[in-house]
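Here the structure is laid out as structure tokens; the discussion comes afterwards.
The values are calculated or read from the model by the stated rules, or taken from the named source; none is laboratory data. All values derive from a computational prediction rather than experimental measurement. Heads up, the Cβs are rebuilt from the backbone with ideal geometry, glycines too, and the neighbour counts pull from every protein chain shown.
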Amino acid sequence: MKKLSVSAVLVTYNRLNLLKESIQKILNQDTDTLQHLIIIDGASTDGTREYLDGLSDQRVMVVHLAENIGGAGGFNSGIRHFFEQTHDDLVWLMDDDSMPTVNALAQLLDMFDNNQLAGWAASKVEWTDGNWSKMNIPGLLNGSKLALYQGDEKWLPIRHATFVSTIFKRELIKKIGLPQKEYFIWGDDIEYTERASRAMSGYLVRQSIVIHASQFNSDPGDIVGEGMISRLPRYLFEYRNRLLTARRRHSSLKFMKTLGHSMLDFLKTLFFPRVQYRGQKLKIIVQGTINGFKFNPNIEKLR
């Protein structure tokens, strides 16, 4: 059996301390299959450029973007760089607050060794306290979420996951193209992994564990409970992007369910007590949803 080679893609923006730790954990995996670490710097201003330019590990490839094009743009650029600048078999994706345990990559590769038809996989993502990271819980292909929490299968079929330790075969990338850089932030990973699952099977690898060192273990897209005013503009992308992802599921029922989810967020924001920045949040939900009806960028393919 051919020994698989891997490029990791790490996207960063102004989080130098986390970035340093993440780089070391990626480079110190207990497998020699990692051939490249492609670091996409979204025009950081906190000393990241100077730190990255001083790295001496021959596996590290640094790409300094001219501007911050969001996480979605960073992963788009990183996968393109993997495809066009390396000959590796797999690309392993994560943000700068992703901390893979020492055998995380080896466990992912073990799944591919035992599932020849698999095209992609995702690690189990835990928060810093050892519980599931709420914003990184994958969507099962079939069945109840109880199978996630209570099951003991090594590999569980999934239909979507986030870009916190997700890995894809080169042949799958060639087939489905790049992530949508136009998403900018939030939801690009869900759209991309659902696109992947329609082309090739994907699995949660339960024994591949990555720690998501986020500040809070928050529910995904919780605008009602959001307490940081600086984060509110991100939700414009959330409500816009989710409608395009829903349209690409080619199901009127699923689209209406997504639209209903947005309407429910509006009602909760309007009527729940002690909601901070209520007026701004209501405007964001409405505007983001309106934007979502006309949002439809083309998918970039690779040759």
Only one of these conditions is not met by ARG248: (1) in contact with an Asp or Glu (Cβ under 8 Å, 6 or more places away or on another chain); (2) under 27 Å from ASN131 (Cβ atoms). Which number is it?
-> (2)
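Has the stretch 255-277 got any residue that is assigned to a helix (DSSP H, G or I) and closer than 16 Å to GLN180 by Cβ?
Checked against the condition, which is being assigned to a helix (DSSP H, G or I) and closer than 16 Å to GLN180 by Cβ, the stretch 255-277 yields no hits at all.
Could you say which residue among GLY70, GLY47 is in contact (Cβ under 8 Å) with a residue 60 or more places away in the chain, out of contact with any Ser or Thr (no Cβ under 9 Å at 6 or more places or on another chain) and not hydroxyl-bearing (Ser, Thr, Tyr)?
Details: GLY47 fails: in contact (Cβ under 8 Å) with a residue 60 or more places away in the chain.
On inspection, the qualifying residue turns out to be GLY70.
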Being among the basic types (Lys, Arg), touching a Lys or Arg at 6+ places or on another chain (Cβ under 9 Å) and farther than 30 Å from HIS87 by Cβ narrows it down to one of ARG242, ARG248, ARG159, so name that one.
-> ARG248
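Evaluate the following for LEU270: is it touching a Gly at 6+ places or on another chain (Cβ under 7 Å) and either assigned by TED's automatic domain parsing to the domain that holds THR193 or at pLDDT 95 or above (or both)? Quick ask: steps written out before the conclusion?
Details: touching a Gly at 6+ places or on another chain (Cβ under 7 Å): no; either assigned by TED's automatic domain parsing to the domain that holds THR193 or at pLDDT 95 or above (or both): yes.
No, not satisfied.
Being in a strand (DSSP E or B) and surrounded by 19 or more Cβ atoms within 10 Å (Cβ to Cβ): is that true of ILE223 here? Outline the logic, then answer.
On the way: in a strand (DSSP E or B): no; surrounded by 19 or more Cβ atoms within 10 Å (Cβ to Cβ): yes.
For ILE223, the condition - in a strand (DSSP E or B) and surrounded by 19 or more Cβ atoms within 10 Å (Cβ to Cβ) - is not met.
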Inside the stretch 103-158, can you point out the residues that are hydroxyl-bearing (Ser, Thr, Tyr), assigned to a loop (DSSP other than H, G, I, E, B) and in contact (Cβ under 8 Å) with a residue 40 or more places away in the chain?
-> THR128, SER133
Given the structure, is THR31 polar (S, T, N, Q), within 24 Å of TYR203 (Cα to Cα) and outside any helix (DSSP H, G or I)?
-> yes
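Would you call ARG240 assigned by TED's automatic domain parsing to the domain that holds ASP97, more than 30 Å from LYS25 (Cα to Cα) and within 22 Å of the chain's Cα centre (by Cα)? Walk me through how you get there before you give the answer.
Working: assigned by TED's automatic domain parsing to the domain that holds ASP97: no; more than 30 Å from LYS25 (Cα to Cα): yes; within 22 Å of the chain's Cα centre (by Cα): yes.
No.
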Can you run down the residue pairs with Cβ atoms below 6 Å, 6 or more apart or on separate chains, where the first is in the stretch 174-198 and surrounded by fewer than 23 Cβ atoms within 10 Å (Cβ to Cβ) and the partner is part of a loop (DSSP other than H, G, I, E, B) and among the basic types (Lys, Arg)?
-> GLY177/LYS301
